[in-house]
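Participant: Quick one: the structure is below, and I'll ask about it shortly.
The values are calculated or read from the model by the stated rules, or taken from the named source; none is laboratory data. Worth saying up front: this structure is predicted, and the values here are computed from it rather than measured. Because the Cβ atoms are built from the backbone with ideal geometry, glycine has one as well, and the counts that use them run over all protein chains shown.
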Amino acid sequence: MFDRVRSQRYWVLQAGLALCWIGTWQLGRILELSAFSSLWFPPAAMTFALFLAEGRFALPAVTTGVLVTNFEWASLHGDQRGLLAVLVTGLAFCVAHCLAYWLGAGLFDRLDKGERFGTPLSVVGFLTISSGSALLAAVAGIGSMVLSGAAEGGFTADLIPWWIGDLVAVVTLAPAFLVLIDRATNALGLPSSGWSASLKRLGPSGTPAGGFVVKLAVTLTVVLCVGELAAVGEFGVPAALLVYVVIVPLMWIAHTEGGLRTVIAVAVLATAVVALTRSLGLTEQAFNYQAAMITIAGAGLFNLTVPRLYVDNRKLLNLVTFDQLTGARTRQAFLAAAEEALADRHRNPRAISLLTFDIDHFKAVNDSLGHAAGDAVLAAVGEICRRELRGIDLFGRLGGEEFAVLVRDADRDATAVVAERLRESLATAKWGPRLEPLKVTASFGVVAVEPEEKLRGALERADRALYMAKRAGRDRVCML
């Protein structure tokens, strides 16, 4: 801790973050509804993001931002109290504001356990804790203002607008702020929270930026059109329509662009909605548009979990379907795919053949050079077979050093040519310095699968042909 605080780069970062906090306060002030509430309050999002990303190390930036803007707020609203009284109000508000969001960030870190929007439960936790932190910040903030003499007791009427303004900002902006803070920390060579990398892992990545810009531009155009219609009274366009017309393209972005771009899109869209609400004179419907923004942000975050599920499911399917050492299908996956191919012949008659092969004297490789060498041989065999076989052929590892290939659209003689090519490729393969003494060969059995023959019967016949090859001296192809 002390090493980080003594670092000059840490204080450069804190100065930059404090300036960002002050900048977000200016943005919130432009869109304020009253002296104590706003359509949204971006500094709340910045504070929450800072505590999520930096923990207690964010205190200098937040404290500086709060105290500087508190004096500006006092000047703008004609506070006639002395500098000391204004300072006391600023410190009281700083404690209330920081405590609410620091507690929320700590609770989220404890409950989230590194998922970071990767699961529905993580998103629920973020939205719930954000709501609680914003409410606590509103209550504590009001209390600090009243107790320090900056406002009268009737100020409590602004509790709900204050709370909703904070909440809208936190759920729409905090994830994007997390990315910016994390990248700034990395750029300065300081330990980062890894939020940027975590969000990047959610869904697709590496897609062209141009596509994202087009999608975002289309969505912003839709927001502008709906806002214009809502501003024209005779059309009677409700704010709820905005939720639908934004969520659909936002789902498109979340499923095709990944986590980083989705949180950026949510922040941009929320900013556009706030700006339209103010510029088009829709502040009478402010609460409806605030609710719309919260809904849009929640939908955007929940949609992040879907691509993650896709990726996880693909990984699980890959683990179940393919042998991780050789790249061949696992025994069960091969048998299932082969059964399906044979069943398809009733609808689409075609020649199908089967070959099985076994690496000769494989046990001697393990015994003399170790299992690591045996694994290297198996991996090389898998690579050779995948290179030599066609995409329509099914290549499977039945167990140990035994493999099988279901060859589509090929009779027994054509499949024997395939087997001979594989045999020669294995026999002439270069195994590298460590395995140079090895001469790896394999014995092959080939059969044509009869029109009404079951897979089990074809495998038994192919195995008989394989053992014929072994009895005949190995390193050869036999047919039945």
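Participant: Among the helices (runs of 4 or more DSSP H) lying completely within the stretch 302-395, list those that include at least 3 residues that are closer than 30 Å to GLY258 by Cβ and either within 35 Å of the chain's Cα centre (by Cα) or at pLDDT below 80 (or both).
Facilitator: Counting at least 3 such residues, we get no helices (runs of 4 or more DSSP H) at all.
Participant: Counting only residues that are surrounded by fewer than 18 Cβ atoms within 10 Å (Cβ to Cβ) and either in contact with a helix residue (DSSP H, G or I) (Cβ under 7 Å, 6 or more places away or on another chain) or not aliphatic (A, V, I, L, M) (or both), how many does the stretch 324-340 have?
Facilitator: Result for the stretch 324-340: 7.
Participant: Assess whether ALA96 counts as being more than 29 Å from TRP195 (Cβ to Cβ), touching a residue at least 40 places away in the same chain (Cβ under 8 Å), in contact with a helix residue (DSSP H, G or I) (Cβ under 6 Å, 6 or more places away or on another chain) and outside any loop (DSSP other than H, G, I, E, B).
Facilitator: no
Participant: Out of LYS454, LYS430, LYS439, LYS470, I need the residue that is within 45 Å of the chain's Cα centre (by Cα), farther than 25 Å from ALA333 by Cβ, in the same structural domain as ASP344 (by TED's automatic domain parsing) and not acidic (Asp, Glu). Which one?
Facilitator: LYS430
Participant: Identify, by number, the condition in (1) touching a helix residue (DSSP H, G or I) at 6+ places or on another chain (Cβ under 9 Å); (2) within 24 Å of ARG345 (Cβ to Cβ) that ALA373 doesn't meet.
Facilitator: All conditions are met except number (2).
Participant: Among the listed residues GLY149, GLY211, GLY125, which satisfies the condition of being assigned by TED's automatic domain parsing to the domain that holds PHE48 and either within 19 Å of the chain's Cα centre (by Cα) or under 19 Å from ALA44 (Cα atoms) (or both)?
Facilitator: So the residue among GLY149, GLY211, GLY125 that is assigned by TED's automatic domain parsing to the domain that holds PHE48 and either within 19 Å of the chain's Cα centre (by Cα) or under 19 Å from ALA44 (Cα atoms) (or both) is GLY125.
Participant: Still on this structure, I have one more. Which residue out of GLY82, GLY55, GLY28 is modelled with pLDDT under 95 and touching a strand residue (DSSP E or B) at 6+ places or on another chain (Cβ under 7 Å)?
Facilitator: Of GLY82, GLY55, GLY28, the one residue that is modelled with pLDDT under 95 and touching a strand residue (DSSP E or B) at 6+ places or on another chain (Cβ under 7 Å) is GLY28.
Participant: Quick check: is even one residue across the stretch 105-121 crowded, with 23+ Cβ neighbours inside 10 Å, part of a helix (DSSP H, G or I) and under 29 Å from the mean Cα position of the chain (by Cα)?
Facilitator: Yes, some residue in the stretch 105-121 is crowded, with 23+ Cβ neighbours inside 10 Å, part of a helix (DSSP H, G or I) and under 29 Å from the mean Cα position of the chain (by Cα).
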